[in-house]
Amino acid sequence: MRRWPESVTVPLTVGFLGAYTTFSTFSYETYTLVRTIGPRWPLCTSRCLWLAVFSLRSPDTRSDDERLEQAQAASGLVALMIAP
């Protein structure tokens, strides 16, 4: 039996596993959200649609410094939200 070259199988395997874990996490989080919010399903639907649209956005063109600055600002905001 003829085997595919490693330069083909490795990216395909990594891509498949990455897509599988991303989809399973999305499914689990959506299921948990539906169980948590109960009859407020429009909230869940809008969240799912928002995530699907957001995942199709254009590639990030910011510089590394801009990304770092935004990440630091976001982590500071999270710290403020959970601080007692």
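The values are calculated or read from the model by the stated rules, or taken from the named source; none is laboratory data. A quick note: this is a predicted structure, and the numbers were derived from the prediction, not measured. Cβ placement follows ideal geometry from the backbone for every residue including glycine, while neighbour counts extend to all protein chains displayed.
So the values come out like this:
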{"item": "Among residues of segment 31-46, those that are at pLDDT 75 or above and exposed (fewer than 10 other Cβ atoms within 10 Å of the Cβ), counted", "result": "3"}
{"item": "First in segment 1-30 and loosely packed, with under 10 Cβ neighbours inside 10 Å, second anywhere and in a helix (DSSP H, G or I), Cβ under 9 Å, 6 or more apart", "result": "R3/T9; W4/L12"}
{"item": "Residue list for segment 1-33, filter: among the hydroxyl-bearing types (S, T, Y) and out of contact with any Cys (no Cβ under 8 Å at 6 or more places or on another chain)", "result": "S7, T9, T13, Y20, T21, T22, S24, T25, S27, Y28, Y31, T32"}
{"item": "Matching residues, segment 56-72, being of a type in the set (G, A, S) and either at pLDDT 75 or above or touching a Gly at 6+ places or on another chain (Cβ under 8 Å) (or both)", "result": "S63"}
{"item": "Residue within segment 47-55 that is at pLDDT below 70 and either of a type outside the set (F, W, Y) or surrounded by 10 or more Cβ atoms within 10 Å (Cβ to Cβ) (or both) present", "result": "yes"}
